[in-house]
Structure formats: structure tokens, C-alpha cells
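Take a look at the structure set out below.
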Amino acid sequence: MIRESRFLTALILLPLCVQLMLISSVRAQDEKAEGEAPKAPALKVVVDKGDEDPSEKWKSLLARRLAIFDKLQDLKKKFEDAATSDEKRTVRNQYVDLIREFEVEIYPEILDLAAKIFEKDEGDLDAGEIVMRESFNNNDFDRSAEVSSKLLTAGRKTKDALSMGAVSQFALHNFEQASAIFAEAQKVNRLDLRYETYIESAAKYQELWKTEQELRAKEDALEGDAALPRIQFETSKGKIVFELFEDHAPNTVANAISLVEGGKYDGIGFHRVINGFMAQGGDPNTLDDDPSNDGYGGPGYSIKCECIEEGTRMHFRGSLSMAHSGQDTGGSQFFITHLPTDWLNARTEPDRGGHTVFGRVIEGMKVAASLRKGDKISKATVLRKRPHEYKPETTPDEKPEEEPVDESATDDASTDESAGNDDAKTE
């Protein structure tokens, strides 16, 4: 998911031709040579840090935000009417200063107060929409779904409220509700096209979720030696407990348990995190001081994909799945999904897509959703397992050192924090 850009919030007020002219010169202005005309002074907005009443400070901040946006509208006209390059440069500098001012002095205060204001007064829909967006952008889909429902009930049917509300319900496995909100967004032409692919997924997942719920109910009833294995990661953000699907991916589970018991995950970092998609780790290369090789490491062997076996598990929120760079190339790298990802589900041709789901988060989903690149697993532990040896069937790697294969090639449509349905290699 693409994080809301406060820069674009203001920039969108200007026509495209002006946007391009202004944006293209920001870096150049930051690095301008001596002797050029000095930058126009910024319009300073001072926010009172005292014991001002939150509601009054909130109103003041919104008023100042509006003042900046009004000033940007004035600059739009001045830029278009400017007769010389010097005049355009002056307007451009004023524009950049205003954007920075909003980013540094205004919006952080707005974010800080929005949750407090909305908690105090749920009728303040401006605050509610900000809370919803921030929750959504931080993978807190429980909160964003809750707030978006309140916004929609109150009549705030903006593009964000509808689109983010629908995706949030999708993330929480409320697929019928997600489909209903998507339909409403389309009806009023307020669907954010970044999330259009979720419409088909929401319809598809209604049946998949019924099957998954039946499987989970049966697994929950298992007792004693028949109970599914569990492992725990102690991470930089907290503990995550996984239940492993030994009955559906026995060799992948055997591999995971053997790696955990061998201490192979202790100290390992999460080297690839795409917000609104997944967090990926398990590469031993993250233990060294060279970030350039992160994503290319493994245990020295590969295991076969089990994602095309009958009854294979699908990707839901909190799925624990194998990363690979093609059919039967998985090793130690894994990823944890932030929401259902149907483009990663089993296919008849694994080399063209499909990953083996071998477990799910049963405790610590908020921790998993909060993981960021650089976070680490301080300790991995097997909490329980069945009474037999866990020794995976493996194939030794024969990868030439000069041509490393990126084992972390979890399918993804882009690297701009926007999930999609096409396959691509990780960076």
C-alpha cells in the first residue's frame, strides 16, 4: 500500500504541468551554486507547545493547514503569470518552503492530536479520517476497519474511507463486507484504483476462507501427540507464535523445525518488508556487515515446493510461507503476510508462481505487522512438536558464487509498497 504523501496532499492543488516544473527543481534548488538569487524566506508557522486545550490547538492547526493550502493556490497563479525565470524561481522556492513547513511543523502535530480528538469526539470526521489512514498505513487493519466503518456510517464516503475500509475488511477476512464496500465505491465512482485488484480477490476468498476455517477448527481439536507443532520468534518488536501445518507441508515443517533447533534463525534480520504485503526474513547473510548480499543467502541446500500438493494451504493474514527464486529452490527464507495474497497461492506451475504456506501466526499478529527492515529475530524456539525426528529431504545447492540466486524472490508486483497480482523478483 502506498503511504499517504503529505507532499502530494498540497501538490495536487496544482495543475500537472506546474507540478512537474516545481518537483523537478526541488533537488537542484537544494544544491544550488553560490551566486544565485537567495531563497525567499519561509512563511513561519509557530505551533504553541504549551498547555493549550487539545480541541483549540486542533482547530488552530487545521486553520493553519488551510492557510498554507490557500497560499499554494496563490503561488499557482503567480507561477503561471511570472514573466521571467527569476520570478518563477522565487515562486518555486516559496512553494518548496511551504511544503517543508507543512511537513515539519504542521502535519506531525496534526497526527499527534488526531487520535486524541477522535477519541474525544467521533463526530470530528477530519480527525477520524487521519486516524484511519495512519492505521491503514501501519498495517493496523483492525483499527482502520473500525474507524472506516464509523466514517461510512456517519456519511463520510470519501475515496479513502471507502477504498481503505474495503481493503481493511479484506485483510481481516471479512470478505463479504469488503465486497459490499467495493461495490459501493464503484457505484459512486470513488474507488482508489490502486486497490482494484482486491475486488476479484475478495470474491474468490469467500469460499477459500470457509475451507480454511473448517481446517482450523479440526486442527484446534487435535490433542496430545497429534497437536500441530509450534515455534516462537522473539523479535525486535516482540514475540510471534506460529502453528505449523505439518499435515499439509510435512517436509517444509521439518525444515523449519530443524533450522530453529539448530539455532539458524537466532540473530537473523528481516531484510525485506513491503508495507501492506509481507515481512521477509531467514537469510543468514543478514548476520554479516554487508547489506548488499542480503536476500541471496540460504542454508546451503534446497527443499521441494509443497504448494502444488492436494489440499495445500492458501495465503491469509498472518500466513507463514516459503520464499524461493523458482520451483524447488526454497531453503531458510520465509515471509509473513500482512493480508491475504491470492497471487502467491498454489499454481500448477510453481516456477511461474506459488509459495508453500507451512504455518500461521496464532499470537503476535500486531507484532508481525509492525516489523520493519532491519528488525531481528533474537531467539527462535520450538514450543512443541510431535514425537518423531524432524529431518527434511534436501538437495545440495550448486549455485556458482559469481552468479548468486536471490532466494528471497517472493512474488510481488512492485517495490513501491503497493501489492499487486503480477510476479516480480525482489531487489
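The values are calculated or read from the model by the stated rules, or taken from the named source; none is laboratory data. Note that the structure is a prediction, hence the values are computed from the model and not measured. Note that we place each Cβ from the backbone using ideal geometry, even for glycine, and neighbour counts take in every protein chain shown.
Overview of results
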| read-out | value |
| --- | --- |
| Filter pass, residue 146 being within 26 Å of residue 60 (Cα to Cα), surrounded by fewer than 23 Cβ atoms within 10 Å (Cβ to Cβ) and charged (D, E, K, R) | no |
| Evaluation of residue 231 against (1) within 26 Å of the chain's Cα centre (by Cα); (2) within 28 Å of residue 299 (Cα to Cα); (3) in a loop (DSSP other than H, G, I, E, B); (4) not basic (Lys, Arg) (one fails), failing number | (3) |
| Residue check for residue 61: modelled with pLDDT of 90 or more, closer than 21 Å to residue 100 by Cα and surrounded by 15 or more Cβ atoms within 10 Å (Cβ to Cβ) | yes |
| From the options 287, 339, 259, 320, residue that is of a type in the set (A, V, I, L, M, F, W, C), at pLDDT 95 or above, in the same structural domain as residue 359 (by TED's automatic domain parsing) and surrounded by fewer than 21 Cβ atoms within 10 Å (Cβ to Cβ) | 287 |
| Residue list for region 342-366, restricted to those being of a type in the set (D, E, K, R) and either assigned to a strand (DSSP E or B) or at pLDDT 95 or above (or both) | 360, 363, 366 |
| Subset of region 149-172 [surrounded by fewer than 21 Cβ atoms within 10 Å (Cβ to Cβ) and under 23 Å from residue 203 (Cβ atoms)] | 149, 152, 157, 159, 160, 172 |
| One residue from 265, 301 being among the hydroxyl-bearing types (Ser, Thr, Tyr), surrounded by fewer than 19 Cβ atoms within 10 Å (Cβ to Cβ) and more than 17 Å from the chain's Cα centre (by Cα) | 301 |
| Odd one out for residue 418, checked against (1) at pLDDT 95 or above; (2) of a type in the set (Ser, Thr, Tyr); (3) over 19 Å from residue 324 (Cα atoms) | (1) |
| Unique match (being on the phi < 0 side of the Ramachandran plot, surrounded by 18 or more Cβ atoms within 10 Å (Cβ to Cβ) and not assigned by TED's automatic domain parsing to the domain that holds residue 62) among 175, 102 | 175 |
